[in-house]
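Encoded as C-alpha cells, the structure appears first; notes follow it.
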Amino acid sequence: MTQNQNPAPVVSSNKDRVFIFDTTLRDGEQSPGASMTLEEKLEVADMLDAMGVDIIEAGFPIASEGDFEAVSSIAKRVKNATVAGLARAAIKDIDRCAEAVKHARRGRIHTFVSTSPLHMKYKLQKEPEEVLAMVTSQVTRARNFVEDVEWSAEDGTRTEHDFLCRTVEAAIKAGATTINIPDTVGYTTPDEYEAIFRMVLNRVPNADKAIFSVHCHNDLGLAVANTLAGLAGGARQIECTMNGIGERAGNAALEEVIMALRTRADVLPYSNNIDTTMLTRASKLVSGVTSFPVQYNKAIVGRNAFAHESGIHQDGMLKNAQTYEIMTPESVGVSKTSLVMGKHSGSHAFREKLKELGYTLGDNQLKDAFKRFKDLADRKKIIYDEDIEALVDDQIGHQGERIRVEALTVIAGTMGPQTATLTLAMDDQHMTKQAIGNGPVDAIFNAIKGLIAHEARLELYQVHAVTEGTDAQAEVSVRLSENGRSVTGRGADPDTMVASARAYVAALEKLMAKRLRGKPEPMVG
Ligand code: KIV
Ligand code: ZN
C-alpha cells in the first residue's frame, strides 16, 4: 500500500470531478432538536460557500414560512454555490420552491417521490403507474422554472430494479439534470449500492444526460462507505452533511468523505473544490448552532482525532509523524498553537489570536470580546484556544438579543431551599424575581418563568466543560419546545449558573421569534 501524506487535491479531468452537495441545512436540520435560526443558517451557508461546496441545499420551502425565508435569503446571498430547495411531488411544493430559489445566481429545484413497494403502498397509497406519472409531471413542472432540476427516488435502495430504471428514465426524459438514488433508511451495503448505480447507468438509455448522486443515511454506520461505493458505481455527486447530522443516525459526514478522497487519492481518483483547512471551523460552527456535540473520537473533527495518548504512539510520532498520522491536523484546520494568551496579552495579540482561530470581528465586536477576554483572564489562570472560541461564539450567539441576564445570585447546598434571585434587562427595563427550585438550575429557570411567562417544555439541558480544570468555562445548551417547534440556546461563562441562565434566555428569545412564523409542515427523510 502506498500511503499518501496530505497530497494536494488531485486535478483530474472533468469526468472525475465529484460535486459536493451539502444538505446540513435541510436533512441535517431535520434531526430532532437541530433547528437553526435564520441568522445561524446564513452563517452556515456562508461557511459552506467559502469552503467550496458546489450545491447548498438550503431547506424545504413549503415546510414553513421560516424555511421559505431561509432558502430565499440564502439564495440571494450565496456567491458561488448553487442553492437548492426541496419539494415533494406536489404543485404547491414545486411552485413555492421555485419562488424561494428564484434569486439565486444558480438555483436548483430538488424534487422527490417514493419508489419502493413499501413506500408506494403504505405512505403514498398509490399504484406504481400513478407514481411513474407523478415523476414526469413533477420534473416537467420544475423545469418550467429552472434548468437545474434534481430528481430523487426516495427509498431508492429498496426499489425494484425494473421500476427504478423506468422512473429514472422518465425523470431524465422530463428534463432532470441530476438523478439521486438515496439510501433513505440506511439499509444498503457498499457492494449492493455500487451495483445499483452500475445497473441503472447500464440499463437506462439516456443515463449519460444526467449526473447521478449518492445520498446515504447512517443507520448501520455505513453511510461513508456506501457513498464511496456509489462513486465506484458511477455517481458523481455526493450528498452529505457537516458532522454527519441528519434524520435518525444522520447522513454521510462531509468531512469524512472529503478527507477519505484526499488522503486516499491513490485509490479514489476524484477531484472536488473543498478547502479542507476549513473543515474544523465548519464543524464547530454546526455543532455550536445545533448544540449537537461532536463525539470525542469522531473521525477528522473529534477532539481526539489527532491526539496520541499511548507511549508507543507518542514515541513513534516524535520520530516521524507519519508513523501514526495519515493526515496532518493542519490539513483539516487544526492550528498548532502559536500564541499563548494570558492576562498580560494586549489587544493586538488578541486580534492575532482571533485571526489564527478564523474569526474576523468588527471593531465594536472586537472591543467587547477583548473586554470579556480580560475579565476571563482575571478569573482563570490558563486561557486555552477553546476558551477564546467559547467566549467569541457566545458573544456572536447573543448579538442583537433584547433580553439580557443582568444579575444573578444563587443559594445552593444541603440546607435548601435552593433559591435564585435574577434580574433580566429587557429593552432597557430591569425586572427582578426570586424563585426556589429543586436545585439551583431549577430555581433559575423558575425565576425566568416568573419574569417571562411561557409554556415551553425543557427538552435538553446540557453542560460541557470547555477545557480541563475546575476553573473551566461551562458551555450550557438549553433546548425548549413549543407546539412542535424546538429551539436551542447557548451560554458560556466560568460560572455554570450564569451560563445556564444565559442559555435559557437565549432559547426563549428564539422561541418568541419563531412564534411569529407559521405552523411547520411535516418533514421528510
Ligand atoms: O433520505 C432521503 O431519501 C431524502 C430525500 C428527500 C432525498 O432525504
Ligand atoms: Zn435523507
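Values for this structure:
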| quantity | calculated |
| --- | --- |
| Residues of region 102-116 satisfying the condition of being more than 16 Å from ligand 1 (Cβ to nearest atom) and buried (at least 24 other Cβ atoms within 10 Å of the Cβ) | Ala104 |
| Identity of the residue in region 285-341, acidic (Asp, Glu) and modelled with pLDDT under 90, that ends up nearest to Arg264 (Cα to Cα) | Glu325 |
| Where Arg106 falls short, out of the listed (1) in contact with a Ser or Thr (Cβ under 9 Å, 6 or more places away or on another chain); (2) under 25 Å from Tyr193 (Cα atoms); (3) more than 16 Å from ligand 2 (Cβ to nearest atom) | (2) |
| Conditions (1) within 13 Å of ligand 1 (Cβ to nearest atom); (2) more than 26 Å from Ala299 (Cβ to Cβ): number failed by Thr184 | (2) |
| Meets criteria (within 16 Å of ligand 1 (Cβ to nearest atom), open to solvent by 30 Å² or more (accessible area, probe 1.4 Å) and outside the structural domain of Ile326 (by TED's automatic domain parsing)) for Leu220 | yes |
| Asn226 vs. criteria within 16 Å of ligand 1 (Cβ to nearest atom), over 18 Å from Val332 (Cβ atoms) and open to solvent by 10 Å² or more (accessible area, probe 1.4 Å) | no |
| Gly175 vs. criteria in the same structural domain as Gln237 (by TED's automatic domain parsing), within 11 Å of ligand 1 (Cβ to nearest atom) and modelled with pLDDT of 95 or more | no |
| Pair list, Cβ < 6 Å and 6+ apart or interchain, from region 315-328 residues that are farther than 17 Å from Arg262 by Cβ to residues that are small (Gly, Ala, Ser) and surrounded by 13 or more Cβ atoms within 10 Å (Cβ to Cβ) | Thr323/Gly316; Tyr324/Gly316 |
| Test: residue in region 32-39 that is in a helix (DSSP H, G or I), more than 16 Å from ligand 2 (Cβ to nearest atom), at pLDDT 95 or above and more than 28 Å from Ile91 (Cβ to Cβ) | no |
| Region 233-266, residues that are closer than 22 Å to Lys41 by Cα and part of a loop (DSSP other than H, G, I, E, B) | Ile245, Gly246, Glu247, Arg248, Ala249, Gly250, Ala252 |
| Residue that is farthest from His161 (Cα to Cα) [pool: residues in region 92-146 that are assigned to a loop (DSSP other than H, G, I, E, B) and among the small types (Gly, Ala, Ser)] | Ala104 |
| Residue that is farthest from ligand 1 (Cβ to nearest atom), among those in region 187-207 that are open to solvent by 70 Å² or more (accessible area, probe 1.4 Å) and part of a helix (DSSP H, G or I) | Asn202 |
| Residues of region 160-180 classified as crowded, with 19+ Cβ neighbours inside 10 Å and hydroxyl-bearing (Ser, Thr, Tyr), total | 2 |
| Candidate set: region 208-220, residues that are assigned to a loop (DSSP other than H, G, I, E, B) and within 22 Å of Val113 (Cα to Cα); chosen: the one farthest from ligand 2 (Cβ to nearest atom) | Ala210 |
| Cross-chain or 6+ apart pairs with Cβ under 7 Å, region 339-366 first and closer than 13 Å to Gln395 by Cα, then charged (D, E, K, R) | Leu366/Arg351 |
| Residue match in region 235-242 (condition: open to solvent by 30 Å² or more (accessible area, probe 1.4 Å) and not aliphatic (A, V, I, L, M)) | yes |
| Checklist (1) over 20 Å from Thr184 (Cβ atoms); (2) touching a strand residue (DSSP E or B) at 6+ places or on another chain (Cβ under 9 Å) applied to Lys92, failing item | (2) |
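The values are calculated or read from the model by the stated rules, or taken from the named source; none is laboratory data. These numbers were taken from a predicted model, which means no experiment stands behind them. Neighbour counts run over all protein chains shown; Cβ positions are idealised from the backbone, glycine included. Please note that ligands, DNA and RNA were not included when accessible areas were found on the heavy atoms of the full protein model with its side chains. Shrake-Rupley method; radii C 1.70, N 1.55, O 1.52, S 1.80 Å.
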